[in-house]
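Peer 1: The following block contains the structure, expressed as structure tokens.
Where a number appears in this text, it was derived from the coordinates with a stated rule and is not lab data. As the structure is a computational prediction, the values presented were derived from the model and not from experiment. Glycine gets a Cβ as well: all are built from the backbone with ideal geometry, and neighbour counts include every protein chain shown.
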Amino acid sequence: MSTKKSMTLIDNRTNTQYEYPILDGTRGPSVVDLRSFFKDTGMFTFDPGYTSTASCQSEITFINGAKGELRYRGIPIEELAENHSYLEACFLLLNGRLPDKEELTDFDLELRHRAFIPESSRYLFTAFPDGAHPMATLSASVTALSSFYATHLNLESDEEFSEMANRILAKIPTLAAFAYRHYLGIPFIQPDIDLSFTENFLAMMRAYPGHKMKLGRDGHQNITPLEVEALDTIFTLHADHEQNASTTVVRGVASTGAHPYVAISSGIAALWGRAHGGANESVIAQLTMIGSVDNVDAFIARAKDPDDDFRLMGFGHRVYKNFDPRAKILKKLQDKLKEELDLDSNLMKIAARIEEIALSDEYFVSRNLYPNIDFYSGIILTALQIPKEMFTPIFVIGRTIGWIAQWTEFKKDPMSKIARPRQLYTGK
Ligand code: SDX
């Protein structure tokens, strides 16, 4: 057993040896440092979809796919979801530690005061038809937001960084709520600085013009603490997830030097796909289409049929080859909410039947296909009287902090370079 931390590659065509250093992280797989591979060999590595590629080093989030483990800045997601608010998770992801009481109060106040958006940017929504999908108007409105603020950021100024971060964090719920209200064709509700981050979002979604939402009374005219707690947990579970597809897009846009808010709107666009964040909306559409427990077996057969492109939405994951820990937390939350909220028992029965089959059927077991976060979030959001078109915008609200933290880390990493992969050319 050699003590050398390196890997030797032999090109058998010429019997040439190449040696590359192995770098260890603080957790998880080591990497082979291949940055000089093309210069040394004149060849590229080949890895469509980056199944074996580390695009960066990062201290923000860690996933152990085999164990179904997720940590933000080293803290297990279960601890954060059970004992901390979404705003505490945001502070943690951005600063590398949880806030003390005073810091949390200041952060909360900062976001409340920044929740308003420039008045003229609200007219952007009128360019879209009523009924326009909220993800389209949300992505467009975040791009528009970039035009209201300085393009150049002084990377050395922590103050400028936190102002850029707090501003978009505070405004995303407002823009998402405006996107929802435009989708319904009803008047916008301005943010209310008397309400917390999550209460405020629910109020901007639900309030009648001129009607001040109150906490505590039941029914969708107001907001119950249980609904706020459920949605706050959902935001925390969605906050960050290593180098997933949309975060890779955000880092790619960061690498060209474009405005941070267009990097976020690019992440929103990427998240919309049903293979990624759009899956939560597709799960509910799929469970509704299946309609009854009796039809589940036929759809499972379709999901297994290589000639049928039907896939079970909410199942499988590039990294988790075990239960998605976020799905486990949502499942517990679903059981907790069962008494209090009107959870759709038919959809829950269908979901339970799909899960029961998938966890025993050889096709799914051999491919390590487990329920992921999107499989359960839709049922809870539906019980919170949130329409499925708002599921991915809610994913955006939760994930914006992760994109901002990853964007900032990219900007401050001396190793960062413009994202420019190569190809295996097979053309004429
Ligand atoms: C999110 O990356 C992240 O971290 C994302 C996310 C985050 O927080 O940012 O966790 C959020 O996007 C969760 C995933 C939501 N997407 C879905 O639920 C859509 C359905 N899932 C699939 O599209 C798929 O599982 C992916 C996209 C999630 C993962 O795709 P991979 O890793 O590229 O795996 P693959 O497509 O190569 O599948 C491996 C095998 C294939 O079969 P074979 O070719 O080996 O015979 O598993 C099969 C696939 O056909 N398969 C499925 C399936 N998912 C994979 N078969 C049926 N139903 C499915 N859902």
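Peer 1: Tell me, SER30, SER146 in order of fewest to most beta-carbon neighbours within 10 Å?
Peer 2: With the fewest neighbours first, SER30, SER146 line up as SER30, SER146.
Peer 1: Here's something else I'd like to know. Where does each of HIS276, HIS241 land when they are ranked from fewest to most other beta-carbon atoms within 10 angstrom?
Peer 2: Lowest to highest Cβ neighbour count: HIS276, HIS241.
Peer 1: Using θ = phi - 60° and the Karplus relation 6.51 cos²θ - 1.76 cosθ + 1.60, list the HN-Hα couplings for region 291-308 in order, rounded to whole Hz, with x at every Gly or Pro.
Peer 2: x, 8, 4, 5, 8, 4, 4, 5, 6, 4, 4, 5, 5, 8, 6, x, 8, 10
Peer 1: Skipping prolines and chain starts, which residues have an amide H placed within reach, meaning under 5 Å, of the one on ILE117, given they are 5 or more residues away or on another chain?
Peer 2: none
Peer 1: Please compute the modelled spin-label separation between ALA66 and ASP47, points set 7 Å along Cα→Cβ, answer in nm with one decimal.
Peer 2: 1.8 nm
Peer 1: Same structure, new question: Would you work out the relative contact order for region 267-365, in percent, from Cα pairs under 8 angstrom that are 6 or more residues apart?
Peer 2: RCO, region 267-365: 31 percent.
Peer 1: With the dipole of region 64-113 worked out from charges on the C-beta (+1 for Lys and Arg, -1 for Asp and Glu) around the Cα centre, which of LEU109, LEU70, CYS90 lies farthest toward the positive end?
Peer 2: After comparing all options, I get LEU70.
Peer 1: Next question, about the same structure. Karplus couplings for region 243-252 from phi (6.51 cos²θ - 1.76 cosθ + 1.60, θ = phi - 60°), rounded to Hz, Gly and Pro as x?
Peer 2: 9, 5, 4, 6, 5, 5, 5, 4, 5, x
Peer 1: Tell me, Kirkwood radius of region 1-58 from alpha-carbon pair distances, in Å?
Peer 2: Answer for region 1-58: a Kirkwood hydrodynamic radius of 13.0 Å.
Peer 1: Continuing with the same structure: Need one word for region 120-164: rounded, prolate or oblate. Basis is the Cα gyration tensor (sqrt eigenvalues a ≥ b ≥ c); a/c below 1.5 gives rounded, then a/b vs b/c decides.
Peer 2: prolate
Peer 1: Another question, if that's okay. Rounding to the nearest 10 and keeping the result within 0 to 90°, find how far the Cα-based axis of helix 373-383 lies from the longest principal axis of the chain.
Peer 2: 0 degrees
Peer 1: Could you work out the relative contact order of the chain? I mean the mean sequence separation of Cα pairs under 8 Å and 6+ apart, divided by the number of residues, in percent.
Peer 2: 19 percent
Peer 1: Let me ask something additional. Which lysines have a Cα lying under 30 Å from the Cα of LYS338, excluding residues fewer than 8 positions away in the same chain?
Peer 2: LYS67, LYS212, LYS214, LYS321, LYS328, LYS349, LYS388
Peer 1: Mind listing the long-range amide H neighbours of PHE315? Cut-off is under 5 Å, sequence gap 5 or more, other chains count too, H placed in the peptide plane at 1.01 Å from N.
Peer 2: Under 5 Å from the amide H of PHE315 lie the amide H atoms of ASN372, each far enough along the sequence or on another chain.
Peer 1: List the longest stretch of the chain that has no exposed loop site; here a site is one of the chymotrypsin sites (Phe, Trp or Tyr not before Pro) assigned by DSSP to anything other than H, G, I, E or B, with at most 14 other Cβ within 10 Å.
Peer 2: 149-309
Peer 1: Over the Cα atoms of the chain, Rg to Rh with Kirkwood Rh, two decimal places?
Peer 2: Ratio value, two decimals: 0.98.
Peer 1: Report for the chain the percent antiparallel among DSSP-assigned beta bridges with both residues inside it, nearest 5.
Peer 2: 95 percent
Peer 1: Let me ask something else. What is the helix-to-structure angle for 158-184, meaning the angle in degrees between its Cα long axis and the longest Cα principal axis of the chain, kept from 0 to 90 and rounded to the nearest 10?
Peer 2: 60 degrees
Peer 1: Another question, if that's okay. List the residues, sorted by chain then number, that are 5 or more residues from LEU9 or on another chain and whose placed amide H is less than 5 Å from its amide H.
Peer 2: The answer is TYR18, GLU19, TYR20.
Peer 1: Another question, if that's okay. With each run of n ≥ 4 DSSP H residues scored as -39500 (n - 2.57), what mean residue ellipticity at 222 nm is computed for the chain after dividing by its residue count and rounding to the nearest 500 deg cm²/dmol?
Peer 2: Calculated at 222 nm, the ellipticity per residue is -15500 deg cm²/dmol.
Peer 1: Same structure again: For region 304-428, just say rounded, prolate or oblate: build the C-alpha gyration tensor, square-root its eigenvalues into a ≥ b ≥ c, call rounded for a/c under 1.5, and beyond that prolate if a/b exceeds b/c, oblate if not.
Peer 2: Here region 304-428 falls in the oblate category.
Peer 1: Could you name the lysines whose alpha carbon sits less than 18 Å from that of LYS417, not counting residues in the same chain fewer than 8 places away?
Peer 2: Answer for LYS417, where 18 Å is the Cα cut-off: LYS39, listed by chain and number.
Peer 1: In Å and on Cα atoms, what radius of gyration and Dmax does region 1-102 show?
Peer 2: 19.3, 65
Peer 1: Report ³J(HN,Hα) in whole Hz for each residue of region 61-71, in order, from the Karplus equation J = 6.51 cos²θ - 1.76 cosθ + 1.60 where θ = phi - 60°; Gly and Pro get x.
Peer 2: 3J(HN,Hα) across region 61-71, in whole Hz: 10, 10, 10, 10, x, 5, 8, x, 10, 9, 10.
Peer 1: Give the angle, between 0 and 90 degrees and rounded to the nearest 10, that separates the Cα long axis of helix 260-271 from the longest principal axis of the Cα atoms of the chain.
Peer 2: 90 degrees
Peer 1: Another question, then. Under the definition of Cα pairs under 8 Å and six or more residues apart, what whole-number percent is the relative contact order of region 2-70?
Peer 2: That works out to 18 percent.
Peer 1: Per 0.36 nm of contour for each residue apart, how much would the distance between TYR149 and LYS338 grow if the chain were fully extended, relative to their Cα-Cα spacing?
Peer 2: Separation in residues times 0.36 nm, less the Cα-Cα distance, equals 63.6 nm.
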